[in-house]
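The values are calculated or read from the model by the stated rules, or taken from the named source; none is laboratory data. What you see is a predicted model; the values in this text were computed from it and never measured. Backbone-built Cβ (ideal geometry, glycine too); neighbour counts: all protein chains shown.
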């Protein structure tokens, strides 16, 4: 038999902790089909990432691409550190310190929002969970989709749970690689390679700090900060990212000044022979 906790505050806190644990377990198990599907460890280890099917001539010349999502995956060593630094500085400064969910970041985000400074609290790993496993769509919704505020809480918890699993399976470099290969950049450009070629006609390992900041700046809102359609807003957002990079020591003050002075310098000359159709799912 459990002894009754005499201190009522400690008793209430213990009851609250038990409730939270049970609630998290119910979400993970999709109790009574209320909460929708949550990715399991097999899903985490074997994610399905749609990539474009490419057709080449016998001498290696690309003659066509077929896709639903225009994406060409790259390895970590094919991604410029300018991109990595821009992403971490802007989206998740404590990326290398947390294990998927940044409790400290969430608390400071809540306090900042209370003061009128609205900011996102999702880590890079949480964003990956949302993008890769579509934790807020279709089969992931469950019956709670009809309860507006409650469903948002559940979706956020599922992203936390999925983020913890991702961090358990992958190291930080692998998480960054998955993120860069899945994140959308607008204009049907999925993944950093497609975006680098689309906007700058460069491979992702060749981007300078200003170009990297332009692409990472788009992640806040791909339509609003699209450098083709909204160059002025994209320019301002790029400079915000550059300031973040300097703030966290990824570029020097001199580098900051030099890159702030640069125009967007888009190069839209890259053209691939493309067709919309089915993407190829590796292992599918």
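The table below gives the values:
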read-out: Matching residues, the range 30-47, being modelled with pLDDT under 80, in a helix (DSSP H, G or I) and surrounded by 11 or more Cβ atoms within 10 Å (Cβ to Cβ); value: 31
read-out: Cβ-Cβ under 8 Å pairs, at least 6 apart or on other chains, the range 92-117 side more than 26 Å from residue 173 (Cα to Cα), far side part of a helix (DSSP H, G or I) and modelled with pLDDT under 90; value: none
read-out: Residue satisfying condition, being more than 26 Å from residue 98 (Cα to Cα), part of a helix (DSSP H, G or I) and touching a residue at least 60 places away in the same chain (Cβ under 8 Å), within set 174, 211; value: 211
read-out: Options 225, 250, 199; residue that is in a loop (DSSP other than H, G, I, E, B), closer than 25 Å to residue 76 by Cα and either in contact (Cβ under 8 Å) with a residue 12 or more places away in the chain or out of contact with any strand residue (DSSP E or B) (no Cβ under 7 Å at 6 or more places or on another chain) (or both); value: 250
read-out: Among the candidates 112, 206, 213, residue that is surrounded by fewer than 21 Cβ atoms within 10 Å (Cβ to Cβ), at pLDDT 95 or above and under 23 Å from residue 245 (Cβ atoms); value: 206
read-out: Qualifying positions in the range 228-244 - surrounded by 14 or more Cβ atoms within 10 Å (Cβ to Cβ) and part of a loop (DSSP other than H, G, I, E, B); value: 230
read-out: Residue match in the range 238-253 (condition: closer than 19 Å to residue 187 by Cα and modelled with pLDDT of 95 or more); value: yes
